[in-house]
Amino acid sequence: MQQTFRIIDEDGIHARPATALVNTANKFQDTNSFAEANGKKVTLKSILGVLSLGLEQGDTLTLITEGGNESDALTALQEVMVNEGLGEIHE
Amino acid sequence: MFKGHFGILQRVEKALMGREEACLSETESGFQAASVRDLKNDLPSNILAALGGQPNIAHLDACITRLRVEVKDKGHVDKGRLKQLGASGVLEVGNNIQAIFGTRSDTIKSQIQDIMSGITPTSPPQAAAPEAMPTAQEEQQAGQNGETLIMEEIVSPVDGELMDISRVPDPVFAERMTGDGFAVLPHNGKIVSPVNGTVFNVFPSKHAVGIMSDGGKEVLVHIGVNTVKLKGQGFDVLVQEGDLVTTGQPIMQVDLSYVKENAKSIISPVIFSNLPEGASVKLNKTGEVKSGEQGIITILKP
């Protein structure tokens, strides 16, 4: 399952929000989670990986969950994006 | 040893058994020197040849994960061949070559020294031949996956004050949410790499650099707190993604007075974001440290 977001945080995705996303993804042990942006796809298990996407305000980011509790995982990640003011759903 | 390290242990055991069998058959067929090896296929001989041979070696050394050689003519060094032989990366600075062979680098150095002294190289009895040990890539992958903890050099990235990570005025770092680590208060704007590794990413706002160490550790060097807000002003990054870096090598130059004026704090966390579950960082001292100073912290195994 996947959902695409537009980054609205003026600081892009830096250490704080990246940590929140990775820690949330890791709560869902049975689910593989990925972040894809600018043609690059990284695992959501690695903070350095997420940060290496170099996301800035206005960029689009797709969060992908596969297997296990993929639906709950995606919902949780979506909540992080919205609650942290990181991004909004991009249609 | 380490959880999940069985594959590597099995290979080491096999290599040791193989050598014992070879010794037995040699003594059966009459008296022979303890380890007559086919030097043509030996890793250390081949590495020496790729470095341009004995006449090209000015000085030979090693750190934990890298063979470090000063050569007389770098034109005689075959970097491609070194990589074929197992170097995961080769860094060239003038006539100084660093080849990343992983933790077997020191054994390889000793064996090359033996060859250059005309001694038939032997491995210490309890160790395996370097050919049977994990490659630098395998070690780094195992480290990255949290399967193992490679003990490698970690040095102070600044002249300044070393302190506990809990002193960083940002809970994301202070509460170790991003991982365990340490903090420094820089006294000047020169920031150097705390590890031997590869630059993984440079933040767009230039206030932080992510480095993948030779041993597979993700190291985040983050200058100040909330410094993303400065949008790059006051930061000059000296490396780019993919660059091989060495402990003590300058990676960033910071306009410290500008950052002090415009950011919440210049206390800077250095975080290891992928340590194995249960591993932790212990400070070996606090207070004054010099850029490049060794032994400042110990990473404790789970």
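The values are calculated or read from the model by the stated rules, or taken from the named source; none is laboratory data. Not measured: the values here are computed from a predicted model. Here the Cβ is made from the backbone with ideal geometry for all residues, glycine too, and neighbour counts use every protein chain on show. Areas reflect the complete protein model, heavy atoms only, side chains present, ligands, DNA and RNA absent. Shrake-Rupley method; radii C 1.70, N 1.55, O 1.52, S 1.80 Å.
Taken together, B:200, B:173 contain a single residue that is outside any strand (DSSP E or B) and of a type in the set (Phe, Trp, Tyr), which is B:173.
Taking the condition assigned to a strand (DSSP E or B) and either within 21 Å of residue B:89 (Cα to Cα) or in contact with a His (Cβ under 7 Å, 6 or more places away or on another chain) (or both), does residue B:211 pass? The answer is yes for residue B:211.
Per-residue answers, yes or no, for (1) acidic (Asp, Glu); (2) under 11 Å from the mean Cα position of the chain (by Cα); (3) within 24 Å of residue B:207 (Cβ to Cβ):
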| site | (1), (2), (3) |
| --- | --- |
| A:44 | no, yes, yes |
| A:47 | no, yes, yes |
| A:65 | no, yes, no |
| A:70 | yes, no, no |
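From the list B:219, B:184, B:192, the lone residue that is at pLDDT 95 or above, in contact with a Pro (Cβ under 9 Å, 6 or more places away or on another chain) and either more than 23 Å from residue B:287 (Cα to Cα) or facing another protein chain (nearest Cβ under 10 Å) (or both) is B:219.
Looking across the stretch B:251-277, the residues that are open to solvent by 60 Å² or more (accessible area, probe 1.4 Å) and either at pLDDT 95 or above or more than 14 Å from every other protein chain (Cβ to nearest Cβ) (or both) come down to B:253, B:255, B:257, B:258, B:260, B:261, B:262.
Do you know which residues across the stretch A:2-24 are hydroxyl-bearing (Ser, Thr, Tyr) and more than 8 Å from chain B (Cβ to nearest Cβ)? Once the filter is applied, which keeps residues that are hydroxyl-bearing (Ser, Thr, Tyr) and more than 8 Å from chain B (Cβ to nearest Cβ), the stretch A:2-24 yields A:4, A:24. Residues of the stretch B:222-246 that are within 9 Å of chain A (Cβ to nearest Cβ), surrounded by fewer than 20 Cβ atoms within 10 Å (Cβ to Cβ) and either part of a strand (DSSP E or B) or within 25 Å of the chain's Cα centre (by Cα) (or both): B:241 alone. Restricting the stretch B:144-168 to residues that are within 13 Å of another protein chain (Cβ to nearest Cβ) and over 22 Å from residue B:252 (Cα atoms) leaves a set whose member that is least open to solvent (accessible area, probe 1.4 Å) is B:146. For the stretch B:145-170, which residues satisfy the criterion of being under 20 Å from residue B:209 (Cα atoms), part of a loop (DSSP other than H, G, I, E, B) and not polar (S, T, N, Q)? Listed by number, the residues that qualify are B:152, B:153, B:154, B:155, B:157, B:158, B:159, B:168, B:169, B:170.
Restricting attention to the stretch A:36-83, the residues that are away from chain B (no Cβ under 11 Å), part of a loop (DSSP other than H, G, I, E, B) and open to solvent by 20 Å² or more (accessible area, probe 1.4 Å) total 6. Within the stretch B:41-51, the set of residues being over 11 Å from residue B:109 (Cβ atoms), open to solvent by less than 30 Å² (accessible area, probe 1.4 Å) and at pLDDT 95 or above comprises B:50, B:51.
On the stretch given as the stretch B:187-197, residues that are within 17 Å of residue B:152 (Cβ to Cβ) and assigned to a loop (DSSP other than H, G, I, E, B) total 4. Filtered by the rule that a residue be more than 9 Å from chain A (Cβ to nearest Cβ), crowded, with 23+ Cβ neighbours inside 10 Å and hydrophobic (A, V, I, L, M, F, W, C), the stretch B:195-216 gives B:195, B:209.
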